[in-house]
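The values are calculated or read from the model by the stated rules, or taken from the named source; none is laboratory data. This is a predicted model, so every value here is computed, not measured. All Cβ positions, glycine included, derive from the backbone under ideal geometry; neighbour counts span all protein chains shown. Surface accessibility is based on the protein's heavy atoms, side chains included, excluding ligands, DNA and RNA. Shrake-Rupley method; radii C 1.70, N 1.55, O 1.52, S 1.80 Å.
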Amino acid sequence: LIANVDVKNIFKKRAKIIYEIRSYLNNAEFIEVETPILQPLYGGAYAQPFKTHHNSLEQKFYLRIAVELYLKRLIIGGINRVYEIGKNFRNEGIDKSHNPEFTMLEFYQAYSDVYDMAELLEKIFKYLNKKLKVKEVRFNKNIINLEKKFKRISFYESIKDEIGIDIKQYDY
């Protein structure tokens, strides 16, 4: 880090982003929780888990691949807004878009739907834009303007746009 200031700045920027996400969600009355990393059953995502063994319990455990199931249990238990920023582990390939250990934000809100959550996510990005003074983000070959309203398209529209087939016309 002493020889590469750019790398040090990435660490600082990441810490600031996580701090601001927490600030936003906490101010929106979400409760941050920590869910188990070692799990007797894995689930919540379609991925291969890392396996481990707990010697004292003589039991097989898995490193979590997602926090989804535990957070949804908290919603059912009456915590209406909940989130976690934590490590997940997926025993899959490694390339520029797949790392076996990564940090993920998951949040859930009772009595809301996909449209409410999309709106909330956009508000988080707009908040980060204002706090971090970042107007656009590059992702692969795309430039995402954080100042504009996010475009929303349906699942069916996305398939039609990408492969040119309107799958709504087919009878299943």
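General remarks:
- For the range 77-86, the criterion of being part of a helix (DSSP H, G or I) and surrounded by fewer than 11 Cβ atoms within 10 Å (Cβ to Cβ) is satisfied by no residue at all.
- Of all residues in the range 117-131, at least one satisfies being among the charged types (D, E, K, R), at negative phi and more than 18 Å from the chain's Cα centre (by Cα).
- Test: residue in the range 56-71 that is open to solvent by 60 Å² or more (accessible area, probe 1.4 Å), modelled with pLDDT of 90 or more and among the polar types (S, T, N, Q): yes
- Search result, residues across the range 12-39 that are open to solvent by less than 60 Å² (accessible area, probe 1.4 Å), over 14 Å from residue 109 (Cα atoms) and either part of a loop (DSSP other than H, G, I, E, B) or at pLDDT below 95 (or both): 35, 36, 39
- Single unsatisfied condition, residue 115 versus (1) loosely packed, with under 13 Cβ neighbours inside 10 Å; (2) assigned to a helix (DSSP H, G or I); (3) modelled with pLDDT of 95 or more: (3)
- Any pair with Cβ under 6 angstrom, 6 or more apart, that starts in the range 122-147 at a residue that is open to solvent by less than 60 Å² (accessible area, probe 1.4 Å) and ends at one that is charged (D, E, K, R) and part of a helix (DSSP H, G or I): 128/20
- Flag if residue 106 is at pLDDT 90 or above, part of a strand (DSSP E or B), open to solvent by less than 50 Å² (accessible area, probe 1.4 Å) and in contact with a Phe, Trp or Tyr (Cβ under 7 Å, 6 or more places away or on another chain): yes
- Residue count for the range 87-99 satisfying the condition of being in a strand (DSSP E or B) and buried (at least 16 other Cβ atoms within 10 Å of the Cβ): 2.
- Taken together, the criteria place residue 44 among residues that are touching a residue at least 24 places away in the same chain (Cβ under 8 Å), surrounded by 13 or more Cβ atoms within 10 Å (Cβ to Cβ) and at positive phi.
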